[in-house]
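> Before I ask anything, let me first share the structure, which is written out below as structure tokens.
What follows draws every value from the coordinates through simple rules; no lab data is involved. What you see is a predicted model, and the numbers here were worked out from it, not measured in a lab. Every residue, glycine among them, receives a Cβ derived from its backbone with ideal geometry; neighbour counts consider all protein chains shown.
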Amino acid sequence: MALVLDLTGRTALVTGSTQGIGAAIATALADCGARVGVNGRSAERVEQAIAELAAATPDGDFVPAVGDVTTAEGADQVLAATGDVDVLVNNLGIFGSADPATISDEEWRRYFDTNVMSAVRLIRSTVPGMMKRGWGRILNIASDSAIAIPEEMIHYGMSKTALLSVSRGFAKHAAGTGVTVNSVIAGPTHTGGVEDFVYELVDKDLPWEEAQREFMRKHRPQSLLQRLIEPAEIANMVAYLSSDLASATTGASVRVDGGYVDSIVP
């Protein structure tokens, strides 16, 4: 029996979707038939991203959703452009390494406001409509760092741990309504930003493939894949959790981490 992920007639919003994991998720949801709001802060960058996405997915229905969702005004602007949202994917996030003893109060707040409050704000705005319509999917893109917090990324790990709590709490809020809320725990993933991060920690003169292996060996030795995950692999899980087939999965933290977290659950 074939499994069909059909999101025809659904509108999705993917924050931070002009590149990397967000762009891969936008592509996967469009492939499933969804109308997809592509979000970024710059109209020029969003238009460029949509052109790239449309070239790869000619039948895709992509809508520009320009705005800075880390602010209330920006979030309202994005939702006005997208319309009623059936599938919300909170993908936007910042990350970086730092000496834990040097992270300022301001930086702690910046990570929390960007990685957590942007998601909370959009959930708060969209979940009532989803509940009223009797169907909805909310996915918060978390990280293995939410559970296995790296010493050099405590501020980032804190924000992703908070997202797990946000997801579980809103799943309870939407209980019995046909709306599901889940976290996706992404493992070390190959994106442009991660390439920059890798080169912060290994010899900058190494070729990329060698640098990647060195990074995984020294800094992510727990990975059972022993390679970085590709964005499309994260997007595949998001597409499934966004579909009717995942109707019994809610309040969960679903791992797409390449076996990085050394735990049986979640």
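> Please give the contour-minus-distance gain from Tyr240 to Ala54: 0.36 nm per residue of separation, less the Cα-Cα distance, rounded to one decimal in nm. Don't jump to the answer; show the numbers that get you there.
Details: separation 186, 0.36 × 186 = 66.96 nm, distance 2.14 nm.
Extra length from Tyr240 to Ala54 when fully extended: 64.8 nm.
> How much mean residue ellipticity at 222 nm does the chain get from its helices, if each DSSP H run of length 4 or more adds -39500 (n - 2.57) and you divide by all residues, to the nearest 500 deg cm²/dmol?
On the way: 9 runs with 114 residues, N = 266.
Roughly -13500 deg cm²/dmol at 222 nm, from the helical runs in the chain.
> Can you work out the Karplus-derived ³J(HN,Hα) for every residue in segment 215-227? Use 6.51 cos²θ - 1.76 cosθ + 1.60 with θ = phi - 60°, whole Hz, and x for glycine or proline.
4, 5, 5, 8, 10, 9, x, 6, 4, 7, 6, 6, 7
> May I ask you to compute the full-extension gain from Glu209 to Ile94, defined as 0.36 nm times their residue separation minus their alpha-carbon distance, rounded to one decimal in nm?
Working: separation 115, 0.36 × 115 = 41.40 nm, distance 2.40 nm.
Fully extending the segment from Glu209 to Ile94 adds 39.0 nm.
> Given R₀ = 30 Å, FRET efficiency for Thr8-Glu107 by Cβ-Cβ distance, to 0.05? All intermediate terms of the calculation are to be shown ahead of the outcome.
Working: r = 43 Å, r/R0 = 1.43.
Efficiency at R0 = 30 Å is approximately 0.10.
> Give me the distance in nm between label points sitting 7 Å out from Cα along the Cα-to-Cβ direction at Ala232 and Ser247, one decimal.
Modelled inter-label distance: 3.0 nm.
> For the chain, find the longest principal axis of its Cα atoms and tell me its angle to the long axis of helix 231-241, 0 to 90°, nearest 10.
That helix lies at roughly 40 degrees to the long axis.
> Grab the beta carbon distance between Arg124 and Glu195, set R0 = 35 Å, and tell me the FRET efficiency rounded to 0.05. Each step should come with its number before you reach the end.
On the way: r = 34 Å, r/R0 = 0.98.
Plugging the Cβ-Cβ distance into 1/(1 + (r/R0)^6) gives 0.55.
> Only one of the values [x] 153; [y] 122; [z] 139 was calculated from this structure for volume of the Cα convex hull per residue in Å³; name its label.
Label [z] holds the value from this structure.
> Separate question: Using Cβ counts within 10 Å as a stand-in for footprinting exposure, how do Arg137, Arg220 rank, fewest first? Don't skip to the answer; put the middle values down first.
On the way: Arg137 28, Arg220 20.
Ranking Arg137, Arg220 by Cβ neighbours within 10 Å, fewest first, gives Arg220, Arg137.
> Spelling out what I want: for every residue of segment 170-183, take phi, set θ = phi - 60°, compute 6.51 cos²θ - 1.76 cosθ + 1.60 (Karplus), and round to whole Hz; glycine and proline get x.
6, 4, 5, 4, 9, 4, x, 9, x, 9, 10, 10, 9, 9
> Tell me the net charge near Thr11. Cut-off is 12 Å between Cβ atoms, Thr11 excluded, with +1 for each Lys or Arg and -1 for each Asp or Glu.
Values: positive: Arg10, Arg35, Arg133, Arg137; negative: Asp61, Asp84, Asp86.
Residues close to Thr11 contribute a combined charge of +1.
> Which of the lysines could a cross-linker bridge to Lys160, judged by Cα under 21 Å and excluding same-chain residues fewer than eight apart?
Lys172
> Assuming 0.36 nm per residue, please report the length gained on full extension of the stretch Arg133 to Leu224 beyond their Cα-Cα distance. Could the numbers behind the result be given before it?
Working: separation 91, 0.36 × 91 = 32.76 nm, distance 4.12 nm.
This chain segment gains 28.6 nm when fully extended.
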